[in-house]
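Since the structure comes first, as structure tokens, the remarks are kept for the end.
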Amino acid sequence: MVVNENSASSRRAFLRKAFASFALGTTGAFALPVFPRTHTSGEAESMDSKREQDEKMPDRYKDKFRITKLVTFKVKPRWLFLKIYTDQGIVGLGEPVVEGRADTVAEAVREIEPHLVGKDPRRVIHHWQAIYRHTFYRGGPILTSALSGVEQALWDIKGKALGVPVYELLGGPTRHRVRVYAHARSIEDIKKAKSSGYTAFKTGVLNATQSGVVAPPGFIEKAVERFAMLREATGDDADIGIDFHGAISPQNAALLIKDLEPYKPFFIEEPVNCQNVDVMARLARKTHIPIATGERIFTKWGFREILEKGAASILQPDLCHAGGIFETRLIAGMAEAYYAAIAPHNPLGPISLACGIQLAASIPNFLCQEQVSLGEGYLKRPFEVVDGHIPIPEGPGLGIELDEEALAGKLGHDWNNPEVYLDSDGSVVDW
Ligand SMILES: [Mg+2]
């Protein structure tokens, strides 16, 4: 535990002052310095228990290997990267961010830093447990995203220290390449992505934000027509999913899913928001098209209810939000027991993609990985898509190296979430 010298000395000063006041009879009996004394005693116990833990560690942990600092930096278009430095010269990379709240997550990481500095980075799971549980107030997107980025960087350090990819530490490769999908809004997008090697795509619902509670028949028809057109462009041997983005009412979602069925979407993503899992489960029971969800669900505890209620058969945890690489590995294990598949959400940067690839390379129930950047202009060796797949990397840790020179021109951003309103009456809608 790192002791903050300033707070320790002010606590000592407080103790002296409080004791003096008590002796002089200027402080009421209730003000006897019980709180500071208890606090100091707790700290001493904690230090003792830490020393005891260190002494009981296997010999390999007696070698000096310490975290020295955590540094975050915003990267365009809307990302936040993390570097965890160590006294062994190994630097771990992570991507702790909530879209539109990069500064808030950076601050959460800053608050985690004193907990980690001086500790051995190799105890990844132990640190995850401590950071997650010692906050007392658990979970939520900001804290789990900060924790996710930290956890990713610790795995990167551990892999680099041992000279192996993270997937080796997760049990070794379950596949030799990882299928990825591209976003597409038009036939041109699909043609372009196909020529770059993609065989899987995802699109959105035409004009979804303006659909209202019960959309006019024209809305459903046009949305289905647009999907049918894109489905034809992908061809029968390719896949295309459709993302409702949690922005469609349950009433409209039911109508839309029914009319989309003949076009066999790869999956229907977030047919409704995930705050009421029963509503999503009811929609899932009405269709044979796989329902996917997960980008706004955090940790194994969040996914438990989705699986138990049969609300989705494709889980899309985001490795930068859900709790990191190993937490998603645990979610994949839970999913396996329900015959559900994993298709990690990732509208973020190349560190996030690298984490998803390490996970995909080591789980049995992987479906497809989302990406919006293969790392061109960010990585020394960007990922490459061949025949719809990225070969699993061979480098240690996350298997990537930042291109610092290229990154220098991309530092900082002020990206905000869009504000969207219903055209007809100006009320707030989801986007
Ligand atoms: Mg989505």
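Points worth noting:
- Listed conditions (1) of a type outside the set (Gly, Ala, Ser); (2) surrounded by fewer than 22 Cβ atoms within 10 Å (Cβ to Cβ); (3) within 16 Å of the ligand (Cβ to nearest atom) are all met by Gln210, apart from (3).
- Answer from Ser373, Ser424, Ser362 - the residue that is of a type outside the set (Phe, Trp, Tyr), over 23 Å from Leu93 (Cα atoms) and more than 16 Å from the ligand (Cβ to nearest atom): Ser424
- Here is the figure for segment 280-302: residues that are part of a loop (DSSP other than H, G, I, E, B), more than 16 Å from the ligand (Cβ to nearest atom) and out of contact with any helix residue (DSSP H, G or I) (no Cβ under 6 Å at 6 or more places or on another chain) total 2.
- Of all residues in segment 96-140, those being touching a residue at least 60 places away in the same chain (Cβ under 8 Å), exposed (fewer than 15 other Cβ atoms within 10 Å of the Cβ) and hydrophobic (A, V, I, L, M, F, W, C) number 1.
- When Ile257, Ile248 are checked against the criterion of being among the aliphatic types (A, V, I, L, M), within 16 Å of the ligand (Cβ to nearest atom) and not in a helix (DSSP H, G or I), Ile248 stands alone in meeting it.
- Only residues that are assigned to a helix (DSSP H, G or I) and either among the basic types (Lys, Arg) or over 30 Å from Pro265 (Cα atoms) (or both) were counted across segment 146-187, and they come to 21.
- Those residues of segment 199-247 which are of a type in the set (Lys, Arg) and farther than 16 Å from Ile268 by Cβ, in sequence order: Lys222
- Residue that is assigned to a loop (DSSP other than H, G, I, E, B) and either assigned by TED's automatic domain parsing to the domain that holds Ser145 or not acidic (Asp, Glu) (or both), where the choices are Ile331, Ile363, Ile351: Ile363
- Number of positions in segment 178-200 that are more than 21 Å from the chain's Cα centre (by Cα) and not polar (S, T, N, Q): 13
- Of the criteria (1) under 18 Å from Ile131 (Cα atoms); (2) in a helix (DSSP H, G or I), which one Gly323 fails: (2)
- Candidates Leu353, Leu315, Leu319: the one that is within 14 Å of the ligand (Cβ to nearest atom), of a type in the set (A, V, I, L, M) and surrounded by 22 or more Cβ atoms within 10 Å (Cβ to Cβ) is Leu315.
- Scoring Glu305 on the criteria (1) part of a loop (DSSP other than H, G, I, E, B); (2) away from the ligand (no atom under 16 Å from the Cβ); (3) closer than 20 Å to Leu143 by Cβ leaves a single failure, condition (1).
- For segment 187-220, a tally of residues being without any contact (Cβ under 8 Å) to a residue 12 or more places away in the chain and either among the basic types (Lys, Arg) or over 21 Å from Glu376 (Cα atoms) (or both) returns 5.
- Just one of the numbered conditions (1) touching a Leu at 6+ places or on another chain (Cβ under 8 Å); (2) over 27 Å from Ile289 (Cβ atoms) is not true of Phe366: (2).
- Conditions (1) within 16 Å of the ligand (Cβ to nearest atom); (2) under 28 Å from the mean Cα position of the chain (by Cα); (3) touching a residue at least 12 places away in the same chain (Cβ under 8 Å); number of the one not met by Gln275: (3)
- Summed over segment 190-207, the residues that are surrounded by fewer than 19 Cβ atoms within 10 Å (Cβ to Cβ) and in a loop (DSSP other than H, G, I, E, B) give a count of 4.
- Qualifying residue in segment 402-410 (condition: in contact with an Asp or Glu (Cβ under 7 Å, 6 or more places away or on another chain), farther than 19 Å from Leu170 by Cα and surrounded by fewer than 20 Cβ atoms within 10 Å (Cβ to Cβ)): no
- For segment 236-245, the count of residues that are part of a helix (DSSP H, G or I) and either under 30 Å from the mean Cα position of the chain (by Cα) or more than 16 Å from the ligand (Cβ to nearest atom) (or both) is zero.
- Among the residues of segment 167-181, the ones that are surrounded by fewer than 22 Cβ atoms within 10 Å (Cβ to Cβ) and either at positive phi or of a type in the set (A, V, I, L, M, F, W, C) (or both) come to 4 in all.
- For first residues located in segment 407-431 and in the same structural domain as Lys380 (by TED's automatic domain parsing), partners that are in a loop (DSSP other than H, G, I, E, B) and at pLDDT below 95 and lie 6+ apart or on another chain with Cβ distances below 9 Å do not occur.
- Meets criteria (more than 15 Å from Gly94 (Cα to Cα), in a loop (DSSP other than H, G, I, E, B), in the same structural domain as Cys274 (by TED's automatic domain parsing) and modelled with pLDDT of 95 or more) for Arg381: yes
The values are calculated or read from the model by the stated rules, or taken from the named source; none is laboratory data. What you see is a predicted model, and the numbers here were worked out from it, not measured in a lab. For neighbour counting, all protein chains shown are included, and Cβ atoms are generated from backbone atoms with ideal geometry for every residue, glycine included.
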